[in-house]
Amino acid sequence: MLNCSKCNAEIEETDGFCRACGQPVGGSSGGGARWAGAASDAARRPVAYAGFWLRAVAYLVDSLVLAILLGIFILGPLMQRAGISPDNPWALFTNTSRQVMAMNLLATMASWLYWALLESSAWQATLGKRLLGLRVTDLQGRRISFARASGRHFGKMASALTCGIGFLMAGLTAKKQALHDKLASCLVVKKI
């Protein structure tokens with residue numbers, strides 16, 4: 001165990017950030033011990049966590065992009081093929097035919113792949129997050145895997161099932177983590 005150079009909290013040797021104050025770990029700690037990990041220069045910079053409103057704007061941008069892509073490439077062509085009028089998009093929510101259920105399943109899969117693939121990519125961000133200078137990392141500031149990004153995405157259901165309180169946690173917790181971030185051990189950080 002080492003001590004954080006900023007708040008003197010105990011930290012693990014494998015942590016990239018202090019769990020108490022968010023200070024990147026590198027160089028010497030307050031106790032004089034050398035840090036054994038080979039952290040990059042990017043990981044040594046101070047961390048700024050992305051709060052609720054920045055993340056909400058990024059989500060709106062992503063939802064708009066995804067809705068346009070889904071409408072053009074998936075839902076539009078399939079609605080015509082299923083005999084559903086494009087003038088009545090509410091049929092996707094009210095109709096329980098096999099075709100509509102398949103389209104909803106495709107939309108759910110496309111949404112999952114959009115968020116999970118982009119957040120686990122070298123960008124570490126969806127288009128909306130990238131536009132706002134945000135990225136998704138693990139607790140040590142590293143890129144997350146596709147599996148963790150998938151868990152984070154489906155963890156949003158838990159955030160929604162709490163009447164939205166899981167999302168509001170992003171504005172209330174010290175590291176600006178929503179419930180799904182905590183479940184997947186992730187952070188959303190912004191460029192300083």
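Only the coordinates and a few stated rules stand behind these numbers; no lab work does. Please read these numbers as outputs of a predicted model, since none were measured by experiment. Note: ideal-geometry Cβ built from the backbone for every residue, glycine included; neighbour counts use all protein chains shown.
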Here the residues of region 165-192 lying in the modelled label zone of residue 138, meaning backbone nitrogen under 20 Å from a point 7 Å along Cα-to-Cβ, are 175-190
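Among residues other than residue 151 whose Cβ falls under 12 Å from its Cβ, what is the net charge (Lys/Arg +1, Asp/Glu -1)?
On the way: positive: 148, 152, 156, 182; negative: 119, 138, 181.
Result for the neighbourhood of residue 151: +1.
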When 55, 148, 19 are ranked with the fewest other C-beta atoms within 10 Å first, the list becomes 19, 148, 55
Simple spin-label estimate for residue 8/residue 191, 7 Å along Cα→Cβ, in nm, reads 3.7 nm
As straight-line cross-link partners of residue 182, the qualifying lysines (C-alpha separation under 19 Å, not fewer than 8 residues apart within one chain) are 129, 156, 190
